[in-house]
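Student: Got a structure here, written out as structure tokens. Questions coming.
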Amino acid sequence: RRIVPSFPEVTKVLLTGSSAGGFGAAFNYDRVAQAFCPKPVVLIDDAGPPMADAYLAPCLQQRWRDLWGMNANMPADCADCVQPDGGGIVNYGDYIGAKYPATRLGLISADRDNVISLFFGYGSNDCAQIDGIALPMSGDMFSEGLLDLRDNHMKMTENWGTFFVSATTHTYLGGDGYYNTTVAGTALTDWVNAMVNDGQPGHVGP
């Protein structure tokens with residue numbers, strides 16, 4: 001494929017976003033990576049964790065698919081990304097991890113993010129309150145889902161890295177949290193630097 005004509009001399013691309021932008025960056029990754037191929041595209045998703053169906057309810061995923069036309073934009077060769085009940089979003093992370101083994105893919109999140117846990121709460125009880133006022137997902141359940149995402153999906157390929165913080169904070173890029181956050185002796189700035197510059201960011205956090 002040809003490099004996007006506007007950027008003929010590009011050597012590497014950073015695709016990133018926070019909150020809704022984190023989800024957007026992640027779910028547009030394949031398209032951007034194909035547009036710039038063969039140049040590498042680094043992904044840093046800040047606070048947009050695509051959790052498994054046990055935590056991000058399939059009925060809520062289906063609402064996202066309907067509202068945002070997600071199915072039409074999913075890669076045609078990712079059969080597991082679209083399930084009959086609306087679930088399967090977590091499989092997209094597996095898909096890009098396997099399809100782009102030579103690049104870096106990263107997720108930053110608090111383990112009890114008080115904003116994303118609110119949005120995920122609309123999936124509770126089979127989306128009973130999806131059009132009303134829902135209670136947020138509990139901090140324990142959000143943390144469990146985040147660790148499941150890391151341990152059972154993102155660790156399956158070497159190119160995914162994660163930086164998880166024991167906090168309720170929502171988003172870290174673009175503010176003081178980016179410069180002032182350290183987990184287990186690793187500064188977030190150093191982790192991002194490793195992501196962008198072909199280092200070994202690994203999995204940092206609880």
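Student: Accessible surface of Met141 in the full protein assembly, 1.4 angstrom probe, to the nearest 10 Å²?
Tutor: 80 Å²
Student: Determine the order of Arg112, Arg150, Arg31 by accessible area, beginning with the largest, at a probe radius of 1.4 Å. If you can, show how the numbers build up before the last one.
Tutor: Details: Arg112 95, Arg150 20, Arg31 125 Å².
My answer, sorted largest first, is Arg31, Arg112, Arg150.
Student: What number, in percent, do you get for the relative contact order of the stretch 104-197 if the mean sequence gap of Cα pairs under 8 Å and at least 6 apart is divided by its residue count? Write out the running numbers ahead of the final one.
Tutor: Numbers: 113 pairs, mean separation 37.1, N = 94.
The normalised contact order for the stretch 104-197 reaches 39 percent.
Student: Okay, moving on. Looking at the stretch 102-206, send over the antiparallel percent of its DSSP beta bridges, to the nearest 5. Provide the component values of the computation, followed by the final result.
Tutor: Numbers: 2 of 10 bridges.
So the antiparallel bridges in the stretch 102-206 amount to around 20 percent.
Student: Let me ask you something else. Which residue, Val183, Val82, Val42, tops the fluctuation ranking in a GNM of the chain built on C-alpha contacts under 10 Å?
Tutor: Fluctuation is largest for Val183.
Student: With the chain treated as a Gaussian network of Cα nodes joined by springs under 10 Å, which of Leu60, Leu14, Leu188 yields the largest mean-square fluctuation?
Tutor: Of the options given, Leu14 has the highest mean-square fluctuation.
Student: Something else now. Heads up, I need the accessible area for Leu67: 1.4 angstrom probe, whole protein in place, Å², nearest 10.
Tutor: 120 Å²
Student: Okay, helix-only estimate at 222 nm for the chain: each DSSP H run of n ≥ 4 adds -39500 (n - 2.57), divide by all residues, round to 500 deg cm²/dmol; what do you get?
Tutor: Details: 10 runs with 78 residues, N = 206.
Calculated at 222 nm, the ellipticity per residue is -10000 deg cm²/dmol.
Student: If you place +1 on the Cβ of every Lys and Arg and -1 on the Cβ of every Asp and Glu, how big does the dipole about the Cα centre of the chain come out, in debye to the nearest 20? Don't jump to the answer; show the numbers that get you there.
Tutor: Working: 12 positive and 22 negative charges, 146 e Å.
Roughly 700 debye, rounded to the nearest 20.
Student: So how exposed is Asp77, as accessible area in Å² (1.4 Å probe, rounded to 10)?
Tutor: 100 Å²
Student: What is the diffusion coefficient of the stretch 112-154 in µm²/s, taking the Kirkwood radius over Cα pairs and the Stokes-Einstein relation at 4 °C with a viscosity of 1.567 mPa s? Can you show the working numbers first?
Tutor: Numbers: Rh = 10.7 Å.
In µm²/s, the coefficient rounds to 121.
Student: In addition: Only bridges whose two residues both fall in the chain count here: according to DSSP, what percent of them are antiparallel, nearest 5? Intermediate results must be reported in sequence, preceding the final value.
Tutor: On the way: 2 of 20 bridges.
Bridges in the chain are about 10 percent antiparallel.
The values are calculated or read from the model by the stated rules, or taken from the named source; none is laboratory data. None of the values given here were measured: they were computed from a predicted structure. Positions of Cβ are generated from backbone atoms using ideal geometry, with glycine treated the same way; all protein chains shown enter the neighbour counts. Just so you know, the surface numbers come from the protein's heavy atoms only, side chains and all, with ligands and any DNA or RNA stripped out. Shrake-Rupley method; radii C 1.70, N 1.55, O 1.52, S 1.80 Å.
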